[in-house]
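Participant: Here it is: the structure, laid out below.
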Amino acid sequence: ILISIFVALMILSGCERSVERTYILENKSDYSLSIKFYSVFYNNGVAKLENSISIDPGENWQVLYEESMATGVGPHQVYNSDSLVVVFEELRQTYYSLSTECKISLLCNDAYIIEENGEVYRYTFTNEDYENAEPIGE
């Protein structure tokens, strides 16, 4: 029995768990939007712009994430950021951070529709997202 347990542990320790996942941000609103991805927490509290993208109405942006030995993968790892700002045509904006409620945060898997056996995570921006965003400069 001990030999069987030892062999099983050796086999399991040699197995790698890899993750291959595509995150899609889709714009089905009537407004162009931009997203700025920041690293704050991991940069000693100083906001560092990691990436900036723009998505026109009817378009999407996607990123493929691949990593071996990955567990608990979330969008903040994929986007390499812990906070982000979504700006709708320089009129309205929404801020997300790791402390934002998960079911609405673009940094948590809970906000995404999971497709294709967990290989595709999709978030769709709608006019409701625009209406819920804060006006800029007010």
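Participant: For region 95-130, give me the residue count where each residue is within 11 Å of TYR23 (Cα to Cα) and among the charged types (D, E, K, R).
Facilitator: Within region 95-130, residues that are within 11 Å of TYR23 (Cα to Cα) and among the charged types (D, E, K, R) number 3.
Participant: When region 91-138 is examined, which residues are found to be among the β-branched types (Val, Ile, Thr), modelled with pLDDT under 95, surrounded by fewer than 15 Cβ atoms within 10 Å (Cβ to Cβ) and part of a loop (DSSP other than H, G, I, E, B)?
Facilitator: Answer for region 91-138, where residues must be among the β-branched types (Val, Ile, Thr), modelled with pLDDT under 95, surrounded by fewer than 15 Cβ atoms within 10 Å (Cβ to Cβ) and part of a loop (DSSP other than H, G, I, E, B): just ILE136.
Participant: Mind listing whichever residues of region 29-47 are in a loop (DSSP other than H, G, I, E, B) and either modelled with pLDDT under 85 or surrounded by 15 or more Cβ atoms within 10 Å (Cβ to Cβ) (or both)?
Facilitator: Result: SER29, TYR31, SER32, VAL40, ASN44, GLY45, VAL46, ALA47.
Participant: Oh, and also: Considering (1) at pLDDT 85 or above; (2) basic (Lys, Arg); (3) surrounded by 15 or more Cβ atoms within 10 Å (Cβ to Cβ), say which one ARG21 fails and leave the rest.
Facilitator: Of the numbered conditions (1) at pLDDT 85 or above; (2) basic (Lys, Arg); (3) surrounded by 15 or more Cβ atoms within 10 Å (Cβ to Cβ), the odd one out for ARG21 is (1).
Participant: Out of the residues in region 53-63 meeting the condition of being exposed (fewer than 13 other Cβ atoms within 10 Å of the Cβ) and within 18 Å of the chain's Cα centre (by Cα), tell me which one is modelled with the lowest pLDDT.
Facilitator: GLN62
Participant: Right, here's the next one. Please enumerate the residues belonging to region 81-90 that are part of a loop (DSSP other than H, G, I, E, B) and either surrounded by fewer than 18 Cβ atoms within 10 Å (Cβ to Cβ) or in contact with a Lys or Arg (Cβ under 6 Å, 6 or more places away or on another chain) (or both).
Facilitator: Across region 81-90, the qualifying residues are GLU89, GLU90.
Participant: If you go through region 22-51 one residue at a time, how many are of a type in the set (Asp, Glu) and under 14 Å from GLN62 (Cβ atoms)?
Facilitator: Of the residues in region 22-51, 1 are of a type in the set (Asp, Glu) and under 14 Å from GLN62 (Cβ atoms).
Participant: Another question, if that's okay. Going through GLU50, GLU66 one at a time, which residue ends up being farther than 13 Å from PHE125 by Cα, in a strand (DSSP E or B), under 14 Å from the mean Cα position of the chain (by Cα) and at pLDDT below 85?
Facilitator: GLU66
The values are calculated or read from the model by the stated rules, or taken from the named source; none is laboratory data. Note that this is a predicted model, so its numbers are computed, not measured. Here Cβ is always computed from backbone atoms with ideal geometry, including for glycine, and neighbour counts include all displayed protein chains.
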